[in-house]
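Novice: Below is a structure I'd like to ask you about.
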Amino acid sequence: MARLHDLSVMDLLDETASEAPTPGGGAIAALAGALAAGLVEMAARNSPDWELRGAAIAQARVLRERLAELAPLNDEVYEHVLAALSLPLDVDRDSKNELIGSSLERAAAFPLAIAEAASNVAELAAVVAEEGSSAARADATAAAMLALGATRAAAHLVEINLGVLEQDERLHRATRLAADAAAASARTLAVTR
């Protein structure tokens, strides 16, 4: 596969639909979050009389760039997990299990970072919908909904990667981030109705 950022939209869609394991759910969640941040940035730009316009644009840009950066990194760690899972049977079982466990531990960090950034996008979208131009509310609301989906998808991947570690704080954090994104999305809907 070509480097994720070098693909055209159509090639990205084709790669996503292929049998290849990457780009996977984490990378696509990150890209969805980045697109949501782009919509927030656009909505803020289309709120010329809003005094916090510049700050919202800057924050949306930082979130967009962060999420775009996380997409290929998430795929890289996922590929390491797949490599560990596909080690031959003749590899020492304890060593193999340790490698799989450590790979999954590392792999949980990236979806958690994606969930955090995407949840921040949803919150920023709510602020733009509430305080920005009324003409920009529909795009801010669409951004919040996309960010919510990205947050929930990434939080789910954290849960999968950590598996049986139910008391792990990262699971609780991912759940809180998804709840925060849902609350922010609900705020945008309340403003547009």
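The values are calculated or read from the model by the stated rules, or taken from the named source; none is laboratory data. None of the values given here were measured: they were computed from a predicted structure. Quick reminder, even Gly has a Cβ in these numbers, built from the backbone with ideal geometry, and neighbours come from all protein chains shown. Calculation scope for accessible area: heavy atoms of the full protein, side chains included, ligands and nucleic acids excluded. Shrake-Rupley method; radii C 1.70, N 1.55, O 1.52, S 1.80 Å.
Novice: So between ARG61 and ASP90, what do we pick up on full extension, going 0.36 nm a residue minus the alpha carbon distance?
Specialist: Contour length minus Cα-Cα distance gives 5.6 nm.
Novice: Note down the relative contact order for the range 31-122 as a percent, whole number, built from C-alpha pairs under 8 angstrom at least six residues apart.
Specialist: After rounding, I find 37 percent.
Novice: Taking every Cα atom in the range 57-151, find the radius of gyration and the maximum pairwise distance Dmax, and write them in Å.
Specialist: Just the Cα atoms of the range 57-151 yield Rg and Dmax of 18.7, 64 Å.
Novice: Still on this structure, please answer the following. Taking the 0 to 90 degree range and rounding to the nearest ten, how far is the long axis of helix 169-192 tilted relative to the main principal axis of the chain, both from C-alpha atoms?
Specialist: Compared with the principal axis, the helix lies near 30 degrees.
Novice: Any idea of the accessible area per residue across the chain, 1.4 Å probe, to the nearest Å²?
Specialist: On a per-residue basis, 52 Å².
Novice: Where the accessible area of the chain is counted over protein heavy atoms with a 1.4 Å probe, how much of it, in %, is carbon and sulfur?
Specialist: 56
Novice: Heavy atoms of the protein only, probe of 1.4 Å, neighbouring chains included. What is the accessible area of MET145 in Å², nearest 10?
Specialist: Solvent-accessible area, nearest 10 Å²: 70 Å².
Novice: Angle check, please: helix 53-85 long axis (alpha carbons) against the longest principal axis of the chain (alpha carbons), in degrees 0 to 90, nearest 10.
Specialist: 10
Novice: If I fit a long axis through the Cα atoms of helix 137-162 and take the longest principal axis of the Cα atoms of the chain, what angle between them do I get, 0 to 90°, rounded to 10?
Specialist: 20
Novice: Would you mind estimating how fast the chain diffuses translationally, via Stokes-Einstein at 37 °C and 0.692 mPa s with the Kirkwood radius over Cα pairs, in µm²/s?
Specialist: Using the Kirkwood radius from Cα pairs, D works out to 190 µm²/s.
Novice: Just to be sure I understand: if I project the alpha-carbon convex hull of the range 64-112 onto a plane and average over all orientations, what area do I get in nm²?
Specialist: 3.1
Novice: Same structure again: At a threshold of 8 angstrom on Cα-Cα distance, excluding pairs fewer than six apart, so keeping six or more, what relative contact order does the range 56-193 reach in percent?
Specialist: 28
Novice: OK, next. Please compute the length gained on full extension between ALA182 and ASN97, using 0.36 nm multiplied by the number of residues separating them and subtracting their Cα-Cα distance.
Specialist: 27.0 nm
Novice: Just the ratio, please: alpha-carbon radius of gyration of the range 35-81 over 2.2 N^0.38 Å, N its number of residues.
Specialist: 1.50
Novice: Once you order the gyration tensor axes a ≥ b ≥ c over the Cα atoms, which shape class does the range 108-193 get: rounded for a/c under 1.5, otherwise prolate or oblate by comparing a/b with b/c?
Specialist: prolate
Novice: Quick one: putting +1 on the C-beta of Lys and Arg, -1 on the C-beta of Asp and Glu, what dipole do you get for the chain around its Cα centre, in Debye to the nearest 20?
Specialist: Charge dipole of the chain: 700 debye, to the nearest 20.
Novice: Could you sort the peptides 68-77, 48-57 by per-residue average Cβ neighbour count (10 Å cutoff), highest mean leading?
Specialist: Result, highest mean Cβ count within 10 Å first: 68-77, 48-57.
Novice: Continuing with the same structure: Can you compute the helix-only [θ] at 222 nm over the chain? Use -39500 (n - 2.57) per DSSP H run of at least 4 residues, normalise by all residues, nearest 500 deg cm²/dmol.
Specialist: So the calculated ellipticity at 222 nm is -28000 deg cm²/dmol.
Novice: Which peptide among 167-177, 80-90 comes first, and what is the full order, when sorted by highest mean count of other Cβ atoms within 10 Å?
Specialist: 167-177, 80-90
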